[in-house]
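The values are calculated or read from the model by the stated rules, or taken from the named source; none is laboratory data. All values reported here derive from a predicted model rather than from experimental measurement. A quick note on method: Cβ atoms are made from the backbone with ideal geometry, for glycine too, and the neighbour counts reach across all protein chains shown. With ligands, DNA and RNA removed, areas are computed over all heavy atoms of the protein, side chains included. Shrake-Rupley method; radii C 1.70, N 1.55, O 1.52, S 1.80 Å.
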There are 2 protein chains.
Amino acid sequence: MSLSPTTPGVPVTKPTGVTAPKGFVAGATTAGIKPSGKSDMALVVNQGPHFNAAAVFTRNRVVASPVKLSKAAVADGQVRAVLYNSGNANACNGKQGDKDAQAMVDELAALTGIVGQDIAVCSTGLIGEPLPMNKTLGGVRGVVGQLSSEGGHAAAEAIMTTDTVAKEAVVHGGGWTLGAMGKGVGMMAPSLATMLVCLTTDAAATPAALQQALHSACDATFNTLDIDGSTSTNDTVIILANGASGIEPSQEELDDAVLKACADIADQLQADAEGVTKRVKITVEGTTDDAQALAAARTLGRDNLFKCAMFGSDPNWGRVLAAVGMADADMDPENISVAFNNQPVCINSTGAPGAREVDLSGIDIDVHVHLGLNGPGRAFLRTTDLSHQYVEINSAYSS
Amino acid sequence: MSLSPTTPGVPVTKPTGVTAPKGFVAGATTAGIKPSGKSDMALVVNQGPHFNAAAVFTRNRVVASPVKLSKAAVADGQVRAVLYNSGNANACNGKQGDKDAQAMVDELAALTGIVGQDIAVCSTGLIGEPLPMNKTLGGVRGVVGQLSSEGGHAAAEAIMTTDTVAKEAVVHGGGWTLGAMGKGVGMMAPSLATMLVCLTTDAAATPAALQQALHSACDATFNTLDIDGSTSTNDTVIILANGASGIEPSQEELDDAVLKACADIADQLQADAEGVTKRVKITVEGTTDDAQALAAARTLGRDNLFKCAMFGSDPNWGRVLAAVGMADADMDPENISVAFNNQPVCINSTGAPGAREVDLSGIDIDVHVHLGLNGPGRAFLRTTDLSHQYVEINSAYSS
């Protein structure tokens, strides 16, 4: 697993991110959707020979128009191009939003000859503002002219919203390559900070193999990244495979590469999450099954009192017990143990000696919770603290 | 419904709160459990002739020692005295915590002749610190000497933690009276701010009648007050009835009075919640049943992005849709409507004209959400914004 350079302003000449594998081109342009004037439209095109694809979408019931369209596009396992815009989520815009997403596809289809059914669209930005279609369609025309086998980094930059750095990853298999780009600030701000991820590979893989690899990787990475419990209307993770390397890896090799790329992007998302001063990793065990362990980890990771304590470097383990006690998980309430950074602070639901003096002043905090049962349930979750900056960023936003 | 005076420092001579009904005495003292030196122990005693009681306790699986003891005490529907301490929750102290709670009961029983089985104990304060038993038992001896029919207000002051005002209520029935005291800052800080409520009445009422009235009142009041989704290990609402008025109200009259007193205390809790700059009232309708409407209201009321928008007076209705879209409730995602302060901001899941200009600068914000179905489901929830002060108060606490 190797990171691509992401230093702003440094020209990237070697192929990175989604253009690292053979047979993929990408590009970016400034359509003018973002008030900042920064690039806000990107395009990733698979040049074949195969056009296999799979995707995972938001679980939110309120889904943006581009998500509806992309779900239909990927349903047959074939996608040739993914069109991105940032600055406007095209969510909650009613039938006009559906029409606008379709118009983006139609324009791209007319320009490239790719049939509309093989084009996916991803949008991220403010919810409930109609897309400025003159600018958007101008952007579609502009981005087609920017396509290049070195365009991965520019594409990764164009999908950023409140992200402070572009997020890319490359994983090398035996004679084949997997590339990725992502954006989002930890799913913290669905009205501007949707999580979008695009993975590309020159391996040969069936849509079913891609779907299996993507689902298990998402479960282990993005779905364990829970900054504030919010889930965007636009979240989309898509993988495209063209077989240009001539190599068909085993399912295990494919799973492993997709997992590595997703883990890398997830790490970058967590590190760039809005207002983060602490990276908190929660492990829960000692319950009936993994699902219950995850439920307890989520309840803790979303508990504002716990998150404020982390912000304050406060080893307040009582808040851990109070939070997990409300979780939908089997436990022995008299036999819960908690450790911060491997130092026991609570044993058998009672304070350990020196618990109040544990030093949590560093950026990384590991929290280990044992729910007191012998069951095999185990789960891992990444979250962050709740800081002044989080409130600041999210309290003055659309208006 | 009338509020008792709560101005700090003003002597209260007429009976208020829990001593407003006939046949109840209360008192307070400074045991020295609170570092501040403020009063930290209170006692409410029912002088009969009946000693009927009912209670509602925290749903948290991790329960404090006094909660376990009080559950056993009220199980037979008879309670003569409720002993309170603030400054220490006696939670997560293992078997020592159980012994210490029992020692408080034993001391009070020895001093008053009330059998231990008829004594409930409520504690609030830091989790995971052993009770200082010398001070605590000294406090039990001290508080017995302070009992008086005018002691309600002093008791209400002694149970405060981060509360800034004492919270009392009195409701007058036809020839009978219901009094109440409460503490808590909106269930926001379980490690110091448990919600405790004590209701007293000189009406005659069976334990079953009291239980029915208390349960339905709690569902409609305290259980609709959801500041941050946190639930304390110590929450206890208890009602005592002695029949001293000689009047047995109908179930409906009793229900009505208990509801009024609980609503009054709940209003005071919300107004005094930590770091509050906005009081947000959420109404959800247009779904299958009331439980689903409440699930959607809770999901919205706990969503940090929505709460930050409220803090910023930002009519960001997209966050409302993104939040309720994740709720476990039936809805028509294409047909959701939202109004802020009775001004439509979203109609059929699409922005209404002028939505971004709605003025939310006042302290009170009403949010009305219609989930787009014809079902009869309806729910109401009170919450607050997420402010800098919330982070401040809760990030520097135990240490």
Between 0 and 90°, nearest 10: helix B:65-74 axis offset from chain B longest Cα axis: 80
Under Karplus coefficients 6.51, -1.76 and 1.60, residue-wise ³J(HN,Hα) of region B:316-322 in Hz, glycine/proline x: 7, 5, x, 5, 5, 5, 4
Inter-copy separations for residue B:106, label at 7 Å along Cα-Cβ, nm, ascending: 8.4
Heavy atoms of residue B:30 accessible to a 1.4 Å probe, total area in Å² rounded to 10: 70
Placed amide H near residue A:88: partners under 5 Å, 5+ positions off or other chain: A:124, A:125, A:126
Which listed pairs, of B:135/B:167; A:307/B:34; B:183/B:260; B:22/B:71; A:281/B:95; B:71/B:95, have C-alpha distances above 20 Å, in listed order: B:135/B:167; A:307/B:34; B:22/B:71; A:281/B:95
Proportion of all alpha-carbon pairs of chain A beyond 35 Å (%): 28
Long-range HN-HN contacts of residue B:121 with modeled amide H, under 5 Å: B:70, B:83
Exam field: residue B:36 pseudo-label spacings to other copies (7 Å along Cα-Cβ), nanometres: 4.4
Which of B:279, B:298, A:382 is most accessible, then next, and so on - probe 1.4 Å: B:279, B:298, A:382
Within the protein assembly as shown, percent of DSSP bridges classed antiparallel, to nearest 5: 70
Compactness of region A:269-399 - radius of gyration and Dmax, Cα, Å: 14.7, 51
For residue A:170, distant residues with modelled amide H under 5 Å away: A:2, A:4
Set of aspartates and glutamates with alpha-carbon distance to residue B:38 below 18 Å, sequence-local pairs under 8 removed: B:157, B:163
Part-to-part distance (alpha-carbon centres) for region B:115-147 and region A:52-98, which is given in Å: 60
15 Å beta-carbon shell around residue A:110, net charge (K/R +1, D/E -1): -1
Stokes-Einstein translational diffusion, region B:45-147 - Kirkwood Rh over all Cα pairs, 1.002 mPa s, 20 °C, in µm²/s: 156
Relative contact order %, chain A, counting alpha carbon pairs below 8 Å whose residues are six or more apart: 18
Angle in degrees between helix A:290-301 and the longest Cα principal axis of chain A, rounded to the nearest 10: 80
Net charge, residue A:244 excluded, C-beta distance under 14 Å - Lys, Arg +1, Asp, Glu -1: 0
Contact order normalised by residue count of region B:245-394, Cα under 8 Å, 6+ apart, percent: 38
Computed [θ] at 222 nm, helices only, for the protein assembly as shown once each DSSP H run of length n ≥ 4 contributes -39500 (n - 2.57): -9000 deg cm²/dmol
Using θ = phi - 60° and Karplus 6.51 cos²θ - 1.76 cosθ + 1.60, couplings along region A:381-392 (whole Hz; Gly, Pro as x): 9, 9, 8, 9, 7, 10, 10, 4, 5, 4, 5, 4
Teacher prompt: residue B:72 distances to equivalent labels in other copies, 7 Å Cα→Cβ, nm: 6.5
Charged-residue dipole, Cβ positions (Lys, Arg, Asp, Glu), the protein assembly as shown about Cα centre, Debye nearest 20: 760
